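The values are calculated or read from the model by the stated rules, or taken from the named source; none is laboratory data. Just so we're clear, the structure is a prediction, and the values are computed from it rather than from any experiment. With ideal geometry, Cβ positions are generated from the backbone for all residues, glycine too; neighbour counts draw on all protein chains shown. Note: areas computed on protein heavy atoms with side chains; ligands, DNA, RNA excluded. Shrake-Rupley method; radii C 1.70, N 1.55, O 1.52, S 1.80 Å.
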Amino acid sequence: MRAITFFFSLIIAFICCKGQDQGACSNTSIIDKIKKLPESIKDSIQLFKQKKTIVYQVWTDTFNRKNYKVIKQAVEDDFHLSTLQLYYVDQNCNIFKYDTVKDSLFLVNTKQKKMNNNINPIEFSDLFKEGSNIKFTPYDLNKDIPEIKEFKAKLISFESTNPSSDDFDLADLSLLINDMTFINNESYIDSSWLGYFIRKFNISSKKIYALTNLAIKQEDVNAVIILKQNYIVSQVQLKEAEEKSRYVKSLNGKIDTNEYYDPSFSKISEIEIILKKSYSKNHIQDNDGYSNLRKDKNSASEILQKIKSGEHIDVLDNTGDWYLIKSKEGKLGYVHKSRISAE
């Protein structure tokens with residue numbers, strides 16, 4: 001732990017305004033909170049490998065007619081200084097992150113996890129172990145059943161650590177996707193738990209992308225239904241389902257003994273219908289009445305055309321924050337995911 005602390009102290013530098021060096025809302029204490037954020041730690045490690053450092057600049061400014069202290073987190077190398085993030089701090093010392101796409105601020109959770117030293121911490125993998133058989137749902141937690149009461153106690157202990165989206169490892173979340181393709185598979189977790197964690201902890205779109213592809217591959221229909229409610233289906237998922245469908249048809253009703261797969265239990269046709277229906281609803285939804293189709297994946301890129309709000313689009317790729325889409329005129333370009341809806 002000392003080595004890690006020393007490691008970060010070497011690679012993070014501060015450029016602070018004069019004054020305000022004391023107290024919980026001083027420049028130093030605010031920057032200290034920011035550098036402890038998971039994304040800041042991740043950036044620090046990556047930049048250290050590139051022989052670059054993170055520096056901070058502080059000034060005051062207004063946003064929506066309110067006064068803020070602005071913390072600029074930037075990367076310094078031999079040639080220039082480039083911005084990583086902008087943070088706004090109000091008079092109550094609340095830290096907000098600036099969203100460049102939406103031109104808005106959202107509150108940053110800077111609370112650190114706390115555990116009772118007399119209690120062994122509960123990990124996500126302790127709740128849903130490989131091979132688990134959990135048929136009860138989040139709505140059953142108040143039932144007076146030993147198995148459920150034991151699970152509830154673990155869940156409370158786990159959630160008392162105040163986990164964030166970054167604390168949910170993809171390998172652990174994958175345990176919530178049932179493998180319906182495996183013959184005699186006795187492991188099962190009710191899919192409502194997948195929805196529970198996605199909604200409560202705002203699981204990132206990157207992880208939902210991977211989980212959706214896994215759910216298609218393992219033919220977990222209920223998981224697909226839950227995931228597509230938090231996700232924009234693209235041709236990537238349609239092709240994944242089509243590929244699985246071709247595999248099932250190639251078996252001609254025979255069991256694949258190498259994969260332990262019985263095509264008679266296949267749900268891929270049902271999944272294809274769900275995905276195609278969701279895909280057909282993809283459209284632009286923008287309060288400005290239109291959204292810009294851009295040449296590259298950034299808001300400063302060349303505008304190829306304006307697409308009216310409500311207009312159907314073909315989403316070709318849904319990885320990252322900018323989706324590759326095709327307009328009804330046949331033009332290819334990128335639209336930020338926040339401007340696309342299937343509802």
- Query: Can you give the convex hull volume per residue for the Cα atoms of segment 220-305, as a whole number of Å³?
  - Reply: 137 Å³
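For the chain, which whole-number percentage of the solvent-accessible area (1.4 Å probe, protein heavy atoms only) is attributable to carbon and sulfur atoms?
On the way: 10120 of 20590 Å².
The nonpolar share, carbon plus sulfur, comes to 49 percent.
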- Query: If you average the sequence gap of Cα pairs under 8 Å that are 6 or more apart and divide by the length of segment 297-343, what percent do you get for the contact order?
  - Reply: 29 percent
- For segment 189-268, state which chymotrypsin sites (Phe, Trp or Tyr not before Pro) are in a DSSP loop and have at most 13 other beta carbons lying within 10 Å of their beta carbon. Tyr260
- Query: Using 7 Å Cα-to-Cβ label points, what is the Ile225/Lys42 separation (nm, one decimal)?
  - Reply: 3.2 nm
- Message: Taking amide H atoms as placed 1.01 Å from N in the peptide plane, list the residues 5 or more away in sequence, or in a different chain, whose amide H sits under 5 Å from that of Thr53.
- Response: Glu76
- Message: Using a Gaussian network model on the chain with a 10 Å cutoff between Cα atoms, which of Leu81, Leu238, Leu227 fluctuates the most?
- Response: Leu81
- Two-decimal ratio, the chain, of alpha-carbon radius of gyration to 2.2 N^0.38 Å: 1.18
- Query: Whole-Hz Karplus ³J(HN,Hα) for segment 200-208, in order, using 6.51 cos²θ - 1.76 cosθ + 1.60 and θ = phi - 60°, x for Gly and Pro?
  - Reply: 6, 10, 6, 4, 4, 5, 4, 6, 5
- Task: Kindly express, to the nearest 10 degrees and within the range 0 to 90, the angle between helix 268-280's C-alpha long axis and the longest C-alpha principal axis of the chain.
- Result: 50 degrees
- Provide the per residue accessible area, probe 1.4 Å, for segment 95-210, rounded to a whole number of square angstrom. 61 Å²
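What FRET efficiency would be calculated for the residue pair Lys135, Glu259, taking the C-beta separation as r and a Förster radius of 25 Å, to the nearest 0.05?
The calculated FRET efficiency here is 0.45.
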- Note on the structure: With the 1.4 Å probe rolled over protein heavy atoms, segment 244-343 has an accessible area per residue in Å² of 60 Å²
- Query: Spin-label point model (7 Å from Cα, Cβ direction): what's the Cys25 to Tyr188 distance in nm?
  - Reply: 5.6 nm
- Under the Karplus curve 6.51 cos²θ - 1.76 cosθ + 1.60, θ = phi - 60°, whole-Hz ³J(HN,Hα) for segment 282-288, x wherever Gly or Pro sits: 4, 8, 6, 9, 9, 5, 7
- Task: For the chain, with a Gaussian network of springs between Cα atoms less than 10 Å apart, report the residue from Asp262, Asp317, Asp288 with the top mean-square fluctuation.
- Result: Asp288
- Query: Which residue, Ile189, Ile148, Ile203, tops the fluctuation ranking in a GNM of the chain built on C-alpha contacts under 10 Å?
  - Reply: Ile148
- Message: Under 5 Å between amide hydrogens, which residues at least 5 positions from Asp314 or on another chain qualify, with H placed 1.01 Å from N in the peptide plane?
- Response: Lys326
- Note on the structure: Once Asp296 and Ile145 are pulled to full extension, the length gained, defined as 0.36 nm per residue separation minus their Cα-Cα distance, is 48.9 nm
- Under the rule of -39500 (n - 2.57) per DSSP H run of 4 or more residues, summed and divided by the residues of the chain, what mean residue ellipticity at 222 nm is obtained, to the nearest 500 deg cm²/dmol? -10000 deg cm²/dmol
- Taking all pairs of distinct alpha-carbon atoms in segment 137-287, Kirkwood radius in angstrom: 17.0 Å
